[in-house]
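To start, the structure itself, in structure tokens.
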Amino acid sequence: MSSNLRAENRRNRRNERNEARREEINRCQNERNEARREAINRRQNERNEARREAINPTIDPPSNRGPPCFRISGQIMHRIGNLRHQQGDPPAYCQLYVYDPNTALNFRMEQNDCCIRELMELLQTIINQENPYALAFKNMAEVEDAEIRQAAIEGRPISVVKMSLLEGNDGAPPPSREVVIYPRGQPLKTISSMSANLDPMIYPIFFPRGDAEWHDQLEHNPDRATRVRNRVTLSQYYNYRLSIRQTFSPIFYETAEDIDSLISAEIPDQTVDPELFEIVKTCMIHGACGILNPNSPCMKDGVCTKKFPKDFNPCTVAIFNGYPNYRRLDNGRVVIVKGNQVDNRWVVPYNPWLSKKYQAHINVEACMSIKSVKYFYKYVYKGHDCANVVINESVDHDEINTYLDCRFVSAPEALWRIYEYSISDMSHTIIRLQIHLPDNQRVYFNKGEEQVAIDRAAQRDTHLTAWFKLNAENNEARQYSYVEIPYHFVFGKNCMWKVRQRGSDKVVVRMYKVSSFCELFFLRLLLLHVKGAKSFEDLRTVHGTVFNTFREACYHLGLLQDDIEWRNTLTEAAATRMPKQIRLLFSIILTLCEPDDPLHLWNTFKSYMVEDYIHHSMPVVLAEQATLRQIESIINQSGKTLADYNLLALDQFLDNVPENDDEDVQVFIDEANRVRPLLNDNQRNVADAILAALSVEPTNENKHSRLFFMDGPAGYGKTFTYNYLISETQSRHIRTATAAWTGIAATLLKNGCTMHGLFKLPVPILETSTCSVTPNSIHGRFLRQISLYLLDEASMIPKYTLSAIDKQLQDICNNNFPFGGKVILMGGDFRQILPVVKRGRPAEVIESCLKCSEHWQYVQRFSLTVNMRVQIEEEEFSQWLLKLGSGTLPVKPEDPLRGCIEIPEQCFLSDNESIAEKIFGGAEEADNAKRAILTPTNVDSLAINEEVLHRLPGDVKTYLSSDSIDTDDLNEINNFPVEFLNSLIPSGMPVHCLKLKKLVLL
């Protein structure tokens, strides 16, 4: 107990001494610190003076006129100079530590007269008396003196020129750097650059007492540690140690002094400021609540909702995205409020100046986040204040009859209304279109005047019936739908549509919403799409057929979800395709299109899917089982089973039914034999390396030699090589999976899919991301059976994606080989698009690139150098594109700083020339399939498609989509009107109204 007590007393004395010195430093700064900027400049000089090392730049005087230039060449180095200063130069930095304190202080102040002498002296005293390294450094003079004395005794020269010979790859010094120290009475020691003592030696202003804070075993807090990194790096520590964290205001810093200068959460001293003491005691004390008053309004479930009483706190601590923990000293100050004795823990934060000015309860908090803006917004726009006013005409009054519901208007608002200033304004005219079934329009009438109102309604047109009459009389109006009419016509007081003269850009049109379970809803759907209707019957007419209900008309227009499109697709395929292709199409419809009744589709078209098995004399039951097994193998790649689509389960006793794969294998053999002679030398090298890797099992010796990358620009045969490897491996019964980073690239590969679909990658992909496939799942067993993975557009893959795939395959294959021992062939072109980083700078994009992955060092790289697509006459343009991607094109001499380059003339388009005419104008129909126009935005793409479609011969056929949101919550469904869903164009999907012509390419 006595030792613990002595240790506690020593800590208390040290804390008191530190607090006294901190107050002394603050006093010195406050006496002469009239502006924060001057204090910061002086503080920087004080830091520099305390350093033991220096930076030696070069100051170049200007050749003619102008300011001097401060230049630091090459790598910035911290240099510790000689312990003795040169003759004629004043001592500086580490040379001052060998002088007595007064002499050293005088030298420092001569070099920095702008610094505060008292503060410099105090800093020097703290370092000299309490920093163990400063004491040791002062004794380094003894080492030099001893060396000089020993040299004099032995007759050796005191000053010699020394040199060292360094052996390395390029003559550079070794990468390691150590510090040598001379302990008293012991031989010299070497300190590693990773030592925790190194920084306190070099930067005493940050560690005045020589405390070693960072070391290589310093761990993160448990809530911040990850499986990959649980120790604090040197960069992370000094970012935390040195960074200046700003608050909501750009001119205030998150320091306790700044917050305490504005906000207090303590009872003021009654003798110093009695007025403020009375205000705080009266207005700024919470409660009391808790055990002092369990029935307080702020109590809920036995706990104060405002979290009072607070804890005592010796200093203010700023918390991001939360209220600061204000200083609440346990100084013994108490007040009596409502018979209870309360201390600083019960004080509501306040600003002394505001409290004294308004003498009211004003809670002032420090804004630590921009989220506080919504708090201000609520107060500004919450509506007017109300007041209950009672006018007493006599002492005995009727309170109910004399109660008035009044509105309280403040003086500024009253003045605004007196001068009749505008209270609100409307930028657009909102037109609400009526919708009703035949003779079911809404009629308003007074009691007893029902017949008069009915006769009046029969003589007046509604918006809808007037639109019918407008289409019958005006040919121009027939090109617009019901919701488009208000942009071109105006509904007048005579209940007729007339041509709009102006203001079409300031109109917002809406149709009233109706329930989706009535005929009125289907009428509303038709009014969104049908143009030029002259009656309700015209709305129910589709392709010349008049249907009895609006629902039937919507159904035949394709506006309702139904399996009719999938039935039509399979019917067309059954007439022109082989059974295996029909099975593949059926599997795609199941996984991607989600039909309403898959079992009905199976029963309808299963006879077409089993024809090849029946042709080989297989019984119908076995043929259906074999067909379902093949369909299941396809949908398993998407993590689905037959049970997910309510299809028949496979019989266990029929699992060994042989599949008819002989013909498929022969197709792959023929394809491989056909393509192999067409490979060039570069492609053949890639194929041979992949097939050689597949021929051996993974071992510890070759575990890093199964990852390949094929580099080649567009047209150099990457896809051609992929498809050859697919045919070759399938002919050898080696299972192969193909995927690409983008869906468009995946369509060019045999059985291609996206990498997110193949590996079930999360979104977004982070450093710690993992995939969601388990080893025993159907998809996990599928991935385990794959021997070769072909990954296209790998240049767009973020580096963390490769790590996630590696961890997933190791987990599924239950081994520690990279990527589970699978052979991986990636391909791409780093001249094209790199990984997409949201609002990322070029350095961040490069950092996320595949080449920065930890796996890139093990990648075997191949380059394709022969363009297989370009014609001889286009060779020059092909080389220009390569130089553009490589960044080797010459920059325009008149503008070298902006990086502008010369574009070939054939790439220019004049102002009055159409791009569709330029690309497709003189081409024959057979050549159109080889031409395309690329554009980065959907708006330009739609406009170009519309122009190209207009130039093609034939009639336009329109296809409408059926759009809905994926939820069963009716409230959520009602938040998204059908017309809003129709207006959306998600990436990779067509527009709602798709217009096509014969021979149009999709």
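Residues in segment 552-578 that are within 43 Å of the chain's Cα centre (by Cα) and outside any loop (DSSP other than H, G, I, E, B): 554, 555, 556, 557, 564, 565, 566, 567, 568, 569, 570, 573.
Looking at 592, 599, which is the one that is of a type outside the set (Lys, Arg) and closer than 20 Å to residue 994 by Cα? Before the answer, list the steps.
On the way: 599 fails: closer than 20 Å to residue 994 by Cα.
Within the list 592, 599, the selection yields 592.
Filter segment 805-834 for residues that are in a helix (DSSP H, G or I) and among the polar types (S, T, N, Q); which is surrounded by the most Cβ atoms within 10 Å (Cβ to Cβ)? Lay out the reasoning, then the answer.
The initial filter retains those residues of segment 805-834 that are in a helix (DSSP H, G or I), namely 805-813, 818-821.
Filter again for among the polar types (S, T, N, Q), leaving 808, 810.
Numbers: 808: 23, 810: 17.
The selected residue is 808.
Total residues in segment 409-437 satisfying the condition of being surrounded by 12 or more Cβ atoms within 10 Å (Cβ to Cβ) and either of a type in the set (Asp, Glu) or part of a loop (DSSP other than H, G, I, E, B) (or both): the figure is 6. Within segment 953-972, does at least one residue satisfy the condition of being surrounded by fewer than 13 Cβ atoms within 10 Å (Cβ to Cβ), part of a loop (DSSP other than H, G, I, E, B) and of a type in the set (A, V, I, L, M)? Within segment 953-972, one or more residues are surrounded by fewer than 13 Cβ atoms within 10 Å (Cβ to Cβ), part of a loop (DSSP other than H, G, I, E, B) and of a type in the set (A, V, I, L, M).
Against the list (1) in contact (Cβ under 8 Å) with a residue 24 or more places away in the chain; (2) farther than 20 Å from residue 957 by Cβ, the condition residue 585 fails is (1).
Among residues of segment 642-662 being exposed (fewer than 13 other Cβ atoms within 10 Å of the Cβ), part of a loop (DSSP other than H, G, I, E, B) and of a type outside the set (D, E, K, R), the one that is modelled with the highest pLDDT is 646. Hey, can you tell me all the residues within segment 775-795 that are touching a Cys at 6+ places or on another chain (Cβ under 9 Å) and crowded, with 21+ Cβ neighbours inside 10 Å? Hits for segment 775-795 are 783, 795. Scanning segment 860-878 for residues that are modelled with pLDDT under 80 and either surrounded by 10 or more Cβ atoms within 10 Å (Cβ to Cβ) or assigned to a loop (DSSP other than H, G, I, E, B) (or both) yields a total of 9. Each residue in segment 287-302 was checked for being part of a loop (DSSP other than H, G, I, E, B) and free of Cβ contacts under 8 Å to residues at least 40 places away in the same chain, and 10 pass. Residues that are surrounded by 10 or more Cβ atoms within 10 Å (Cβ to Cβ), at pLDDT 70 or above, among the charged types (D, E, K, R) and over 23 Å from residue 325 (Cα atoms): does segment 360-373 have at least one? Looking for residues that are surrounded by 10 or more Cβ atoms within 10 Å (Cβ to Cβ), at pLDDT 70 or above, among the charged types (D, E, K, R) and over 23 Å from residue 325 (Cα atoms), one finds none in segment 360-373, hence no.
Residues checked against (1) buried (at least 17 other Cβ atoms within 10 Å of the Cβ); (2) in a helix (DSSP H, G or I):
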| site | (1), (2) |
| --- | --- |
| 690 | yes, yes |
| 696 | no, no |
| 700 | no, no |
| 704 | no, no |
| 709 | yes, no |
| 719 | yes, yes |
| 727 | yes, yes |
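Within segment 835-857, the residues that satisfy the criterion of being in a loop (DSSP other than H, G, I, E, B) and either surrounded by 15 or more Cβ atoms within 10 Å (Cβ to Cβ) or in contact with a Leu (Cβ under 9 Å, 6 or more places away or on another chain) (or both) are 835, 837, 848, 849, 853, 854, 855.
Residue 485 meets all of the listed conditions (1) under 22 Å from residue 514 (Cα atoms); (2) touching a residue at least 60 places away in the same chain (Cβ under 8 Å); (3) hydrophobic (A, V, I, L, M, F, W, C) but one, namely (2). Scanning segment 590-624 for residues that are crowded, with 18+ Cβ neighbours inside 10 Å and aliphatic (A, V, I, L, M), we see that the one that is farthest from residue 647 (Cα to Cα) is 618.
When only residues in segment 497-510 that are touching a residue at least 12 places away in the same chain (Cβ under 8 Å) and within 19 Å of residue 479 (Cβ to Cβ) count, which is surrounded by the fewest Cβ atoms within 10 Å (Cβ to Cβ)? Quick ask: steps written out before the conclusion?
Taking segment 497-510 as the starting set, the residues that turn out to be touching a residue at least 12 places away in the same chain (Cβ under 8 Å) are 497, 500, 503-504, 506-510.
The next check asks that each one be within 19 Å of residue 479 (Cβ to Cβ); those that pass are 497, 500, 504, 507, 509.
Details: 497: 22, 500: 14, 504: 12, 507: 15, 509: 17.
Ranking the qualifying residues of segment 497-510, first place goes to 504.
Conditions (1) under 30 Å from residue 980 (Cα atoms); (2) part of a helix (DSSP H, G or I), marked per residue:
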{"position": "526", "(1), (2)": "yes, yes"}
{"position": "548", "(1), (2)": "yes, no"}
{"position": "582", "(1), (2)": "no, yes"}
{"position": "587", "(1), (2)": "no, yes"}
{"position": "603", "(1), (2)": "no, yes"}
{"position": "622", "(1), (2)": "no, yes"}
{"position": "629", "(1), (2)": "no, yes"}
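Only one of (1) touching a residue at least 40 places away in the same chain (Cβ under 8 Å); (2) among the hydroxyl-bearing types (Ser, Thr, Tyr); (3) under 17 Å from residue 591 (Cβ atoms) fails for residue 754. Which number is that? Failing condition for residue 754: (1). Is at least one residue of segment 505-524 more than 42 Å from the chain's Cα centre (by Cα), of a type in the set (D, E, K, R) and assigned to a helix (DSSP H, G or I)? For segment 505-524, residues more than 42 Å from the chain's Cα centre (by Cα), of a type in the set (D, E, K, R) and assigned to a helix (DSSP H, G or I): present. Out of curiosity, is residue 767 part of a helix (DSSP H, G or I) and either of a type in the set (D, E, K, R) or at positive phi (or both)? So residue 767 fails the test. Checking every residue in segment 512-525 against the condition of being basic (Lys, Arg) and exposed (fewer than 15 other Cβ atoms within 10 Å of the Cβ) gives at least one match. Sub-7 Å Cβ pairs linking a first residue in segment 303-322 that is of a type in the set (D, E, K, R) to a second residue that is in a strand (DSSP E or B), at least 6 apart or interchain, are 310/328, ordered by first then second residue.
The values are calculated or read from the model by the stated rules, or taken from the named source; none is laboratory data. The shown structure was predicted, so the numbers you read here are calculated from the model rather than taken from an experiment. All Cβ positions, even for glycine, are placed from backbone atoms using ideal geometry, and neighbour counts span all protein chains on display.
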